[in-house]
Every structure is written in structure tokens, then in C-alpha cells.
Amino acid sequence: MGKSSSSESTTETILESISDGVFTVDNQWRITSFNRAAEGITGVPREEAIGKRCSEVFRSNMCDNECPLRQTLENGKPQIGKAGYIINSKGKPVSISVSTAVLKDRNGRVIGGAETFRDLTEVEALRQELAGRHRLGELTSRSPQMHRVFDVLPAIAASPSTVMILGETGTGKELVARAIHSMSLRKGPFVALNCAALPDTLLESELFGYKAGAFTGAFKDKPGRFAMARGGTIFLDEIGEISSALQVRLLRVLQERTYEPLGSTRPETTDARVVVATNRDLMALIGKKMFREDLYYRINVMQVELPPLRQRKEDIPLLVEQFMTRFNKAQGKQVQGISPEALALLMAHTWPGNIRELENVVERAFILCGEEMIDIAHLPAELTMYTSDNSHNGNMSVAHETLDIQAIKAALKRNGFNRLATAKELGIHKTTLFRKIKKLGIELPGKDGRHRSN
């Protein structure tokens with residue numbers, strides 16, 4: 001009896017000393033023990049918790065159907081590190097990870113369960129801080145090219161000048177325009193219009209509006225996008241697609257800040273900030289007399305050029321995580337992540353449709369995978385066309401090499417190209433790193449600042 005009492009005392013001392021919260025329940029879900037860390041994390045005193053049902057004290061998003069302790073008691077399998085959150089006694093959410101186990105007596109009979117939970121508040125804060133370094137508004141990137149864009153956007157946002165955003169289709173030009181607007185002091189709306197989506201006659205009325213009686217069916221006045229964007233920003237995508245006649249009218253708006261709605265004899269003014277975007281070579285169009293040179297210089301006061309996704313592949317894992325978080329929230333699912341093999345194929349793809357194509361691929365995979373992890377089987381045929389024998393092995397080999405190159409390059413930059421420090425960060429021997437650098441053809445800056453491959 002003395003030994004048992006001593007053992008229980010030792011166990012209690014250990015439980016009181018650890019930083020993880022621990023509580024136990026009986027078969028009626030009544031709390032039978034509640035350690036000091038559990039008090040601190042939940043904000044509920046031990047005397048108040050003992051004897052209550054755990055759902056009354058441990059108010060978690062996992063209670064009821066997704067309760068990990070219930071699942072453990074039903075199937076006998078422990079849960080390890082399941083993520084979720086609780087609402088503490090002050091009504092604030094606390095991020096936690098939960099582990100569970102079955103409690104049995106000396107005869108092997110189940111007498112309840114034990115749950116250990118860890119406060120992830122500091123970890124979550126650090127994760128958000130790190131994510132913040134790679135985020136500007138809705139833009140997410142680890143790419144040095146994109147970070148150069150991030151660096152100039154605040155200054156551009158503070159200016160009233162017209163901005164031209166260049167980039168291939170699907171690179172996120174509208175997101176950049178929205179970021180410029182949100183960082184500016186403008187209180188008016190952000191109004192977007194794709195100039196390639198409408199025929200010229202409709203585009204003119206969309207931009208400048210019309211007065212009642214201007215044409216058949218115009219029974220009342222309709223404001224155009226410039227009127228709607230007063231005090232805000234108007235974003236004109238695919239500016240290279242507008243006709244010569246409309247280019248003249250747009251030039252007048254930019255020069256004089258005035259325009260005339262269709263059917264009106266009186267000009268109206270606009271103070272809207274103009275941001276335009278194109279995926280076309282406007283200088284080439286000027287050479288072909290398809291775009292006005294004077295309009296080009298009016299819209300090209302400030303220029304932002306976005307790199308295609310194939311030049312910033314280090315962003316693919318970050319973007320995939322961002323898309324999955326959004327889809328999980330929108331669809332009420334809990335897709336856990338993406339397998340290394342599937343991610344390797346995404347890294348190996350050239351992405352002619354850029355971020356928009358990647359988002360579509362992730363959304364398709366998200367639908368097909370249910371609540372599982374996204375795997376190769378959930379990817380479209382154009383990414384998995386080499387799925388057998390040597391062709392598949394070769395494709396995966398290229399994919400893994402791409403991942404290696406991106407990881408090593410990023411680590412080298414973080415460590416100022418110090419190879420010893422880089423090897424330590426990557427958890428490999430320095431000779432292994434040297435061998436990989438040589439094999440993968442990674443260029444390193446020499447003492448003269450020039451790059452060399454080893």
C-alpha cells in the first residue's frame with residue numbers, strides 16, 4: 001500500500017511539473033484529474049474542473065464528433081499531436097495540439113481516458129510572424145524577385161501616379177493592383193475591368209457610363225467605372241487590347257482628368273487612381289501602329305513587372321499551403337497536406353498558366369482527395385503522364401532535383417553563401433553539400449563577385 005501511494009505521489013509530482021496540460025476522465029466523461037498546466041492554459045481552476053464533464057471545461061472545436069479522446073476510447077488507438085483550438089475562460093481562442101490514451105485498471109479494464117494538450121500560442125505567433133515576412137496583402141512569396149516588388153509597392157502606393165503592371169497571364173497582376181490600393185490613403189472603392197472581355201462599344205459605356213436616351217434601351221443614366229471609382233482606384237486589365245479610338249478617349253482622361261458619358265454634352269471629372277496591366281509587349285504594338293506612343297508614356301509612369309511562376313518555383317509549396325487553407329475553410333474540409341511525391345511533380349511542371357493554373361490544379365486535387373492528403377493520383381494527366389516504369393522514375397528524378405536546387409539555393413542565400421553554415425542548416429555533411437552543388441550545377445559567387453558552379 002505504501003509503494004502504491006508513493007508511486008501515485010511521484011506521478012502527480014511529474015504531472016504538476018510539466019508544461020503540457022493533462023486531464024483524465026472516467027467512463028462518464030467526468031474529469032478526475034487536472035494538472036497545473038491545464039489550469040494555466042484553460043484558465044479554469046482545478047477545483048472547478050474536477051467532477052465536470054470535459055466538454056464543459058475543455059471547450060474545443062474538436063468536441064463531440066471530432067473529439068480525439070472519444071475516438072481513442074472507441075478504437076483503442078492513441079491520437080498524437082492533433083491540431084485544434086480551445087476557448088479559454090476569458091473567451092479567447094488558444095491554439096493547441098492534443099494527444100490521447102486509454103486508462104486501464106490493474107485488471108486491464110478501461111476506466112476512462114487521458115488527454116495531454118500543448119499550448120501552441122507562441123508557436124502560432126512565430127509561424128504568423130514568419131509568414132508575414134513572405135506576405136504583402138494577399139500576395140505570398142519567398143522569391144527574391146517578388147520581394148523586390150514587395151519593397152517598391154509601399155512607395156508606389158503612396159504616389160498618385162499611374163501604374164503599369166507587366167506579367168504573363170495568371171501571375172497575379174490584379175492582386176498587385178489591389179495591394180497598391182489597400183496600402184494607399186485612398187478611401188474610395190477598388191474597381192476592376194478586363195478590357196479584353198468586352199467589345200469596344202460596350203467597353204466605352206462601361207468605362208464612361210451613359211445618359212438616358214443615348215441609345216435604344218438606355219432608359220436611365222448609368223454611371224461608368226470611372227465614376228464608380230471616385231476617390232479610389234480603377235484597374236484596367238489587358239490594356240493592350242483596346243481600340244485606337246478608345247485609346248484616344250483614355251488618353252484625354254489621363255491628361256485632363258475629364259470624360260464625357262455617352263449621350264452627354266457636359267464633361268465629368270474623375271480623381272480615380274489609374275492602374276493598368278498587360279501581358280503584351282506594348283512597344284512592339286507601338287511599332288505596328290496598334291498602340292499609341294503618347295498613351296504608353298502616360299500609363300508607364302511607374303512600372304511593376306511580375307516574374308512567371310517557373311522563375312519563382314520556391315513559392316510553389318507556400319502557394320499550395322495557402323490554397324489548401326482557403327479551400328479547407330470554404331468547403332469545411334480538413335485536407336491534411338500534400339505528399340512529397342505530388343509536390344515534387346508540381347515543382348517539376350513549367351506552369352504556362354502560372355499561379356492561376358496552380359490554383360486550379362490544387363482545387364481539382366482538393367475535391368478528389370476527400371479528407372486525405374493530396375497525392376499523385378489526385379493530379380491531372382498533364383502532370384502525371386509519365387506514371388509508369390522508367391518514364392515515371394525519370395520524371396520524379398527531375399522533380400526531386402528541382403526541389404534540391406530550390407532548397408540549396410535558398411539555404412545558401414540565407415547563410416550568405418557560407419557552405420559550412422548551409423550544410424549545417426540542411427543537416428548534411430559539407431562534402432555532401434559540395435557534391436550536390438557540383439552535380440546540380442548551382443552557381444556560387446566567387447571572391448570577385450562573379451558566379452561559378454563549384
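Enumerate the helices (runs of 4 or more DSSP H) found wholly within segment 1-87, keeping only those where 1 or more residues are farther than 30 Å from G337 by Cβ and either open to solvent by 60 Å² or more (accessible area, probe 1.4 Å) or at pLDDT below 85 (or both).
Working: elements: 2-17, 36-42, 46-49, 54-57, 68-75.
Counting at least 1 such residues, we get 2-17, 36-42, 46-49, 54-57.
Given the criteria modelled with pLDDT under 85 and either open to solvent by less than 70 Å² (accessible area, probe 1.4 Å) or within 26 Å of G337 (Cβ to Cβ) (or both), does P93 qualify?
Working: modelled with pLDDT under 85: yes; either open to solvent by less than 70 Å² (accessible area, probe 1.4 Å) or within 26 Å of G337 (Cβ to Cβ) (or both): yes.
Taking the combined requirement at face value, the residue satisfies it.
Do we find a residue being more than 30 Å from P352 (Cα to Cα), surrounded by fewer than 17 Cβ atoms within 10 Å (Cβ to Cβ) and free of Cβ contacts under 8 Å to residues at least 12 places away in the same chain anywhere in segment 220-237?
For segment 220-237, residues more than 30 Å from P352 (Cα to Cα), surrounded by fewer than 17 Cβ atoms within 10 Å (Cβ to Cβ) and free of Cβ contacts under 8 Å to residues at least 12 places away in the same chain: present.
Take the conditions more than 30 Å from M62 (Cα to Cα) and open to solvent by 10 Å² or more (accessible area, probe 1.4 Å) and apply them to Q255. Does it pass? Don't jump to the end; show me each part of the working.
Details: more than 30 Å from M62 (Cα to Cα): yes; open to solvent by 10 Å² or more (accessible area, probe 1.4 Å): yes.
So Q255 passes the test.
Determine the pairs where a residue that is at positive phi, located within segment 251-274, has a partner that is part of a loop (DSSP other than H, G, I, E, B) and surrounded by 15 or more Cβ atoms within 10 Å (Cβ to Cβ) with Cβ atoms under 8 Å apart, the partner being 6 or more residues away or on another chain.
Qualifying pairs under 8 Å: R257/T270; G263/K211; G263/A214; G263/A218.
Answer yes or no: is there a residue in segment 108-131 that is modelled with pLDDT under 85 and over 30 Å from P317 (Cα atoms).
The answer is no, given that none of the residues of segment 108-131 is modelled with pLDDT under 85 and over 30 Å from P317 (Cα atoms).
Looking at segment 44-63, I want the residues that are in contact (Cβ under 8 Å) with a residue 12 or more places away in the chain and have a partner that is open to solvent by 50 Å² or more (accessible area, probe 1.4 Å) with Cβ atoms under 6 Å, at least 6 apart or on another chain. Which pairs are those?
V44/S89; G51/R30; R59/I87; N61/Y85
Among the numbered criteria (1) in contact (Cβ under 8 Å) with a residue 40 or more places away in the chain; (2) of a type in the set (K, R); (3) in contact with an Asp or Glu (Cβ under 9 Å, 6 or more places away or on another chain), which single criterion is violated by R356?
Going through the list (1) in contact (Cβ under 8 Å) with a residue 40 or more places away in the chain; (2) of a type in the set (K, R); (3) in contact with an Asp or Glu (Cβ under 9 Å, 6 or more places away or on another chain), R356 breaks only (3).
For segment 169-196, how many residues are in contact with a Gly (Cβ under 8 Å, 6 or more places away or on another chain), within 13 Å of L306 (Cβ to Cβ) and open to solvent by 30 Å² or more (accessible area, probe 1.4 Å)?
2
Considering only segment 416-431, how many residues are surrounded by 12 or more Cβ atoms within 10 Å (Cβ to Cβ), assigned to a helix (DSSP H, G or I) and not basic (K, R)?
The total comes to 5.
If I filter segment 291-327 down to residues being without any contact (Cβ under 8 Å) to a residue 24 or more places away in the chain and open to solvent by 30 Å² or more (accessible area, probe 1.4 Å), which single residue comes out as farthest from the chain's Cα centre (by Cα)?
So, considering only residues that are without any contact (Cβ under 8 Å) to a residue 24 or more places away in the chain and open to solvent by 30 Å² or more (accessible area, probe 1.4 Å), the one farthest from the chain's Cα centre (by Cα) is E293.
The values are calculated or read from the model by the stated rules, or taken from the named source; none is laboratory data. Since the model is a prediction, treat every value here as computed from it, not as a measurement. Glycine gets a Cβ as well: all are built from the backbone with ideal geometry, and neighbour counts include every protein chain shown. Surface accessibility is based on the protein's heavy atoms, side chains included, excluding ligands, DNA and RNA. Shrake-Rupley method; radii C 1.70, N 1.55, O 1.52, S 1.80 Å.
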